[in-house]
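Just so it is clear, none of the values below were taken in a lab; they were calculated from the coordinates. Not measured: the values here are computed from a predicted model. Virtual Cβ from ideal backbone geometry, glycine too; neighbours counted across all protein chains shown.
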Amino acid sequence: MDDSARMWITTVPALDADDLVVLLGHDHTSESPGERLISLLLDRGHEGEEGVFHLLPFDLSARYERTGDRLAVVVMTSRQVLAHALADRPDLVREHLPDLPADAMDDDRVILLRREIVTDFVPAEHDGEKQPVLLVDHDGSAPLAEVLARFDEGEAGLAVLNAD
């Protein structure tokens, strides 16, 4: 599947119909090692608005990268957080951890997901902080309208990831 079909620059009417955000689709039924681990880590979120979870930066965070006309988002976590989350799951440690790429900017972090699209969108900054990335957690692959409808119907959740 083309991962760019699961990354959008859009508004989320249920949150704020005016502000553009970076929205990543996350399939909690995926067999991808990174997405399976994201599913485990999403349980560490703290609910804000109904269906919207906030995660601590060391649990899951995102980084924007720009190369020419391409904007990429990298979703990462700490090796220590993974070790704690997987303490009772040695099958997943053996199965997935060795395949996760290390983050070139921080040896303690591993990359769980990387998506990119062609866009001229530049994420906003407020008080020196990049705007967060929204990760919509749902099952399967779907077009944007269906993903947003699932969220509105309570069949998908949003996780707010701090970004740098």
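The figures follow:
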read-out: 3J(HN,Hα) from dihedral phi, the stretch 147-156, Karplus parametrisation 6.51/-1.76/1.60, rounded to Hz, x for glycine, proline; value: 4, 5, 5, 4, 5, 4, 8, x, 9, 8
read-out: Excluding exposed DSSP-loop GluC sites (Glu not before Pro) (at most 11 other C-beta within 10 Å), longest clean stretch of the chain; value: 51-152
read-out: Those residues of the stretch 12-35 whose amide nitrogen sits under 14 Å from the label point placed on residue 124, 7 Å along Cα→Cβ; value: 12-13, 15-22
read-out: DSSP-loop chymotrypsin sites (Phe, Trp or Tyr not before Pro) across the stretch 25-117, with at most 11 other Cβ within 10 angstrom; value: none
read-out: Label-point separation, residue 43 to residue 102 (7 Å along Cα→Cβ), nm; value: 2.9
read-out: Cα Rg, Dmax (largest Cα-Cα span) when computed across the chain, Å; value: 15.2, 45
read-out: Relative contact order (%) - criterion: Cα under 8 Å, at least six apart; region: the chain; value: 32
read-out: Residue 141 versus residue 11: modelled label distance in nm, points set 7 Å from Cα along the beta carbon direction; value: 2.9
